[in-house]
């Protein structure tokens, strides 16, 4: 295994182990992603792919192993440090339930900026730009309960991108959408990420979603296999 | 499906007469279309000519002589290369993939690796089609979608088979 820093990876993990109770979720997983790259993380249910995403994003610390983002070692950071890093450097898109129901779509998208101290007017203006780019500016003043699943997911992507993150973590981002909406969401997400040079860690069990990635990593029995060199 | 590679793979698990070979093929892979004897013998004579099999023994009986065939080293290499080479992803590939998986298990090769290689090949094509779809007109999109849905079905089969390999290995080696 080449050391993560030697490869110039933006985010890398080496020999991750994580056990929940007596169940091993990760058992020596390695992972790397470069700026502007979209990597699909695939694997059967319970293989450890969501745990890998959570460790990479600093949401849960691994039991052992290292996670590095740029020159920082997440595995050596305290909870507060990891939270600050997540707010300033990472964006998140989940399957559903991620927007704050009391806020308008603009306010939802502006939220990550507000949390790092950007003034409300400027945060809202930047949020509107992203809503427009993701083709949902017409629902800017709606609350999440008033928009469709596809629109809500585009709002969530806008929110993930608005802070200009280094990495976007997307966990089954099209899982609740029909084929056409899912497709458009993937196009918008990958185009926007490539334009801004953000890396995307895309957890999915759908091969048609994974086909939007540059390469795929398959997680089985807690280990991650990079499929780029296979075949 | 490549009948000659399948017969060759069956021979790798042990020498057989032409009749046994046909029976083994029909049992495992020929439910819908059993082989004709003529196909077996013409394939054997071609494989003999190419040095991939040899005659291991001849039994004289009441009827015609019964030749027993065995695979040669060149034959083993040929089977190995065929199993390791991913198939061109296209619809209705399951019979050849199934044959390859069973033969890999029978000959104690790494069937999981075979499935992974094929999976990577499928996703490569799915990526090409997804790019083509994005840059194309509606007709392109519809044509690519049709291919993508078929490839997706194949991939699901590959994943399910990978999850059932241990069970299949037990059945195949019984």
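Just so it is clear, none of the values below were taken in a lab; they were calculated from the coordinates. Remember, predicted model here, so these are calculated numbers, not experimental data. Don't worry about glycine lacking a Cβ; one is built from the backbone with ideal geometry, like all the others, and counts go over all protein chains shown.
Computed with the Debye formula from one identical point scatterer per Cα of the protein assembly as shown, without solvent, the log10 of I(q)/I(0) at q = 0.09 Å⁻¹ comes to -0.66.
Just the projected area, averaged over all directions, of the convex hull on the alpha carbon atoms of the range A:116-218: how many nm²? Before the final figure, lay out the partial values.
Values: hull surface 27.6 nm².
That works out to 6.9 nm², a quarter of the Cα hull's surface.
For the range A:2-63, the convex hull drawn through the C-alpha positions has a volume of 87 cubic angstrom per residue.
From least to most packed, judged by other beta carbons within 10 angstrom and beginning with the fewest, B:98, B:19 follow the order B:19, B:98. Residues A:136, B:55, B:40 in ascending order of nearby Cβ atoms (within 10 Å, fewest first): B:55, B:40, A:136.
The Cα-based radius of gyration and maximum Cα-Cα distance (Dmax) for the range A:176-231 are 12.6, 35 Å.
If you take every DSSP beta bridge whose two residues both sit in the range A:63-209, what share of them, in percent to the nearest 5, is antiparallel? Show your work: numbers first, answer last.
Details: 2 of 11 bridges.
About 20 percent, rounded to the nearest 5.
Sorting A:190, A:196, B:72 by the number of Cβ atoms found within 10 Å of their own Cβ, with the fewest placed first, yields A:196, B:72, A:190. Straightening the chain between residue B:173 and residue B:55 buys 40.0 nm, computed as 0.36 nm per residue apart minus the Cα-Cα spacing. Just how far, in whole angstrom, is the range B:12-28 from the range A:73-123 if you go by their alpha carbon centroids? Each part reduced to its Cα centre gives a spacing of 64 Å. Taking only the C-alpha atoms of the range B:1-85, the Rg (one decimal) and the largest Cα-Cα distance, Dmax (whole number), read 12.5, 43 Å. Spin-label model, residue A:194 to residue A:176: label points 7 Å out along the Cα-to-beta-carbon direction sit 2.8 nm apart. The calculated FRET efficiency for residue A:141 paired with residue B:157, based on their beta-carbon distance and R0 = 35 Å, is about 0.15. If you fit an axis through the alpha-carbon atoms of helix A:120-133 and take the longest principal axis of the Cα set of chain A, what angle between them do you get, 0 to 90°, nearest 10? For A:120-133 against chain A, the angle is about 80 degrees.
The range A:144-217 and the range B:104-139 have Cα centres spaced 22 Å apart. Can you give the angle from 0 to 90° between the axis of helix A:149-161 and the longest principal axis of chain A, with both taken from C-alpha atoms, to the nearest 10? Result, in degrees: 70.
Where the convex hull is taken over the Cα atoms of the range A:88-135, what is its projected area averaged over directions, in nm²? Walk me through the intermediate numbers first.
Details: hull surface 14.9 nm².
Spelled out: convex hull of the Cα atoms, projected over all directions, averaged, 3.7 nm².
Size descriptors for the range B:87-174, from the alpha-carbon set: Rg then Dmax equal 15.2, 53 Å.
Kindly provide the helix-only [θ] at 222 nm of chain A, computed as the sum of -39,500 (n - 2.57) over DSSP H runs of four or more divided by all residues, to the nearest 500 deg cm²/dmol? Don't skip to the answer; put the middle values down first.
Numbers: 7 runs with 79 residues, N = 231.
When only DSSP H runs of four or more count, the value is -10500 deg cm²/dmol.
Principal axis extents of the Cα atoms in the range A:37-162, from largest to smallest and rounded to whole angstrom, are 46, 36, 27.
Kirkwood hydrodynamic radius of chain B, from the reciprocal of the average inverse Cα-Cα distance over all distinct pairs: 17.8 Å. Residues of the range B:119-140 with an amide N closer than 17 Å to a point placed 7 Å from the Cα of residue B:84 along the Cα-to-Cβ direction: B:119-121.
For chain B, the 222 nm mean residue ellipticity estimated from helices alone, with every DSSP H stretch of n ≥ 4 adding -39500 (n - 2.57) and the total spread over all residues, rounds to -22500 deg cm²/dmol.
Computed log10 I(q)/I(0) for chain A at 0.10, 0.11, 0.15, 0.16 Å⁻¹: -0.44, -0.53, -0.98, -1.11, from the Debye equation with unit scatterers placed on every C-alpha and solvent omitted.
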